[in-house]
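Asks: Here it is: the structure, laid out below.
The values are calculated or read from the model by the stated rules, or taken from the named source; none is laboratory data. Note that the structure is predicted; figures quoted are calculated from it, not measured. Every residue, glycine as well, gets a Cβ built from its backbone with ideal geometry; the counts of neighbours run over all protein chains shown.
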Amino acid sequence: MQNFKTNRYFTAIYLLILGIVLGASLYAGAVVAPVTFHSEKWLGAELLNRFQEGLIMTQNFIGLKYFILTGVFGVIFYEGYQYKRFNRDLVKTLSALGFIMSSMLFNYFYMSSIIQMQAQGEKAVNSTIFENMHKGSEIALFFVMLFALILFVRTMQKELK
């Protein structure tokens with residue numbers, strides 16, 4: 001009976017981690033980004049240009065990076081544990097792999113590239129390459145959220161009956 005309770009607590013912690021990753025990602029994209037990139041509405045005047053707003057937004061996404069990495073470790077440990085126990089599910093396995101890959105892509109390819117381009121100055125940020133890089137980071141973050149949602153719902157369905 002003790003093993004069952006430990007698994008239930010382990011599952012609850014896993015769901016909490018996924019929920020935090022999903023909530024933080026949604027909040028950053030749906031609330032923080034629009035407020036940051038339209039600061040003139042809140043400040044009453046245009047005090048910051050788009051480049052400066054982008055620098056602020058990048059700092060928000062650097063903070064989000066740590067939540068996402070916590071989610072990656074949670075997915076690796078929880079889904080690895082479930083796999084080892086022969087509690088396997090193709091949807092969860094593929095979603096876990098998708099979550100890990102899109103998280104790593106977002107954190108270590110897109111974020112680092114965006115930070116490097118911002119360090120080069122405003123001219124680099126106004127380029128087509130930067131716009132494409134930014135769009136790719138949005139798509140990667142969308143997949144992080146999608147896979148986190150699938151893992152959350154599927155785990156709720158299977159583990160907490």
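Asks: Can you name the condition, by its number, that GLY29 falls short on among (1) under 23 Å from GLU138 (Cα atoms); (2) free of Cβ contacts under 8 Å to residues at least 40 places away in the same chain?
Replies: Just one mismatch for GLY29, condition (2).
Asks: Within segment 126-159, how many residues turn out to be within 19 Å of MET101 (Cα to Cα), surrounded by fewer than 15 Cβ atoms within 10 Å (Cβ to Cβ) and among the β-branched types (Val, Ile, Thr)?
Replies: Qualifying residue count, segment 126-159: 1.
Asks: Now for a separate question. Scan segment 1-17 and report the pairs whose first residue is of a type in the set (S, T, N, Q) and in a helix (DSSP H, G or I) and whose second residue is surrounded by 10 or more Cβ atoms within 10 Å (Cβ to Cβ) and at pLDDT below 90, with Cβ atoms within less than 8 Å and a gap of 6+ or a chain change.
Replies: Sorted first by the residue in segment 1-17, then by its partner, the pairs are ASN7/GLU159; THR11/GLU159; THR11/LEU160.
Asks: State whether the residues of segment 96-104 include one that is touching a Phe, Trp or Tyr at 6+ places or on another chain (Cβ under 7 Å), over 18 Å from THR11 (Cα atoms) and surrounded by 13 or more Cβ atoms within 10 Å (Cβ to Cβ).
Replies: yes
Asks: Taking the condition of being free of Cβ contacts under 8 Å to residues at least 12 places away in the same chain and more than 18 Å from the chain's Cα centre (by Cα), how many residues in segment 88-111 meet it?
Replies: 2
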